[in-house]
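Shown next, in structure tokens, is the structure this report addresses.
Bear in mind that the values in this text are calculations on the coordinates, not laboratory data. In this text the structure is predicted, and so the values were computed from the model without any measurement. Virtual Cβ from ideal backbone geometry, glycine too; neighbours counted across all protein chains shown.
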Amino acid sequence: MSELRYDGQVVVVTGAGGGLGKAYALFFGSRGASVVVNDLGGSFKGEGNSTKAADVIVDEIKAAGGKAVANYNSVTDGDKIIETAIQTYGRIDILINNAGILRDISFKNLSDKDWDLIIDVHVKGSYKCARAAWPHFRKQKYGRVINTASAAGLFGSFGQTNYSAAKLAMVGFTETLAKEGAKYNILANVIAPIAASRMTETVMPADILENLKPDWVVPLVAVLVHKDSQESGSIYEVGGGHVAKLRWERASGLLLKADDTYTPGALLKQWDQISNFNGAEHPTGPADFLALLDKSMKMSPGDKGQTLDFTGKVALV
Ligand code: NAI
């Protein structure tokens, strides 16, 4: 099988000075793409800045015969990062929103500053880069976006309310980008990676980190942003050789007539049904929910205590 190539394409990798971003940048640089290596060069808590982080990676890509240019802006000035791609290479094909920081602290002690900084870098930063790339993607009817979520966002994680909120935002953002981008061949996917980096080196044991090389997140991203990919709006968990798609699951649920018989007591009576995952479905859009509302509205006043089996039939209980 021939290797996946990205010749003639321009890839922007944010936070490419270390960790996962560095692994993406080196990979795309070695597979024919021109890479914009963005990195603010601050600490993992978002303090300070330096040009060194990006410069080192650009030098490494060039030394290996690849094409790369550095950008030192914060992702919150994403338009400037995309401008570097356009001014240097005349286009942008792939955007990997990867830059990130942590401000872990228990919710009790969380300050507005800890909250704002995390939301700014992850949410606003991803938005600013994607927003600036979007007109180019639409015009050329081609674009690939990877956003970066986290298990902390999907499942919650002690001491990370700010980070969890920001990371789950990446899921909704991606799912909507995928819907709006579909007709322009713009694909957007979101990954929840796990890898050894300065972010994780203090919280995970060395033997586990040994098996979590950032390089092992790269193959999934490489496949998702390739020109032949058709995957969009998907969520993946990836790290250490494990790759799995995640999706929303809705319990088979309870459907009651929405009238004055719909009381807390009526709900409580059939509470188990609300969280019964036998025969669950996997909704992909708000329309699925609207269809349920429609069914509820059409129930006759005497109907109560009905469950949907999601084959479209309503069964009396
Ligand atoms: P890292 O700290 O090694 O790399 C992040 C890079 O982003 C750094 O080089 C940093 O200088 C840069 N950066 C930070 N703020 C920036 C800004 N405002 N503008 C431009 N660059 C900025 O961390 P790692 O582990 O490689 O993380 C990459 C992404 O993956 C992050 O979004 C992180 O939240 C996410 N992630 C990582 C996990 C892991 O296990 N390493 C787990 C889940 C999510």
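In the chain, helices alone account for a calculated mean residue ellipticity at 222 nm of -11000 deg cm²/dmol, with every DSSP H run of four or more residues adding -39,500 (n - 2.57). Near residue 33, once Lys and Arg are set to +1 and Asp and Glu to -1 for all other residues with Cβ below 14 Å from its Cβ, the sum equals +4. Relative contact order, whole percent, for the chain stands at 13, derived from Cα pairs under 8 Å and 6 or more residues apart. Each residue of the range 88-103 is assigned a 3J(HN,Hα), and the resulting list reads 7, 10, x, 6, 9, 10, 10, 10, 10, 7, 10, 3, x, 9, 10, 9 Hz, derived from the Karplus form 6.51 cos²θ - 1.76 cosθ + 1.60 (θ = phi - 60°), x at Gly and Pro. With neighbour counts taken as other beta-carbon atoms within 10 Å, the residues 144, 91 rank, fewest first, as 91, 144.
Seen against the Cα atoms of the chain and their longest principal axis, helix 125-140 is set at about 80 degrees.
Sorting 247, 138 from the fewest to the most surrounding beta carbons within 10 angstrom yields 247, 138. Here the spin labels are modelled as points 7 Å beyond Cα on the Cα-Cβ line, and at residue 105 and residue 266 they lie 4.7 nm apart.
For the chain, the longest principal axis of the Cα atoms and the long axis of helix 19-30 meet at an angle of about 60 degrees. DSSP bridge analysis restricted to the chain gives an antiparallel fraction near 30%, rounded to the nearest 5. Listed by chain and number, the lysines whose alpha-carbon sits under 16 Å from that of residue 62, ignoring those within fewer than 8 places in the same chain, are 22, 52.
The charge dipole of the range 10-246, taken about the Cα centre with unit charges on the Cβ atoms of Lys, Arg (+1) and Asp, Glu (-1), comes to about 720 debye, rounded to the nearest 20.
Amide H contacts for residue 73 (H built 1.01 Å from N in the peptide plane; partners 5 or more residues away or on another chain; cut-off under 5 Å): 39. The length gained on full extension between residue 284 and residue 43, counted as 0.36 nm times the residue separation minus their Cα-Cα distance, comes to 83.0 nm.
Shown for 93, 120, 288: other C-beta atoms within 10 Å of each C-beta, ranked fewest to most, produce the order 288, 120, 93. For residue 192, the residues 5 or more places off, or on other chains, whose built amide H falls under 5 Å of its own are 149, 236, 237, 238.
Other residues lying with their Cβ under 14 Å from the Cβ of residue 182 contribute a combined charge of +2, Lys and Arg counting +1, Asp and Glu -1. Positive-end ranking of 196, 135, 224 along the dipole of the chain, with charges on Cβ about the Cα centre, is headed by 135. Computed over the chain with a Gaussian network model linking Cα atoms closer than 10 Å, the most mobile of 149, 266, 68 is 266.
Close amide H partners of residue 145, meaning residues 5 or more places away or on another chain with modelled amide H under 5 Å apart, are 95, 187, 188, 189. A cut-off under 11 angstrom between Cβ atoms defines the neighbours of residue 71, and their net charge, with Lys, Arg +1 and Asp, Glu -1, is -3. The HN-Hα couplings worked out from phi for the range 33-45 by the Karplus form 6.51 cos²θ - 1.76 cosθ + 1.60 (θ = phi - 60°) are 7, 8, 10, 8, 8, 8, 6, 6, x, x, 7, 5, 8 Hz, whole numbers, x standing for Gly and Pro. Each Lys and Arg Cβ is given +1 and each Asp and Glu Cβ -1; about its Cα centre, the range 20-67 then shows a dipole of about 140 debye.
Can you work out D for the chain in µm² s⁻¹ from Stokes-Einstein, where Rh is the Kirkwood radius over C-alpha pairs, the temperature is 4 °C and the viscosity is 1.567 mPa s? After rounding, the answer is 61 µm²/s. Calculate, for residue 131 and residue 295, the FRET efficiency according to 1/(1 + (r/R0)^6) with r their C-beta to C-beta distance and R0 35 Å; round to the nearest 0.05. Computed FRET efficiency for residue 131 and residue 295: 0.40.
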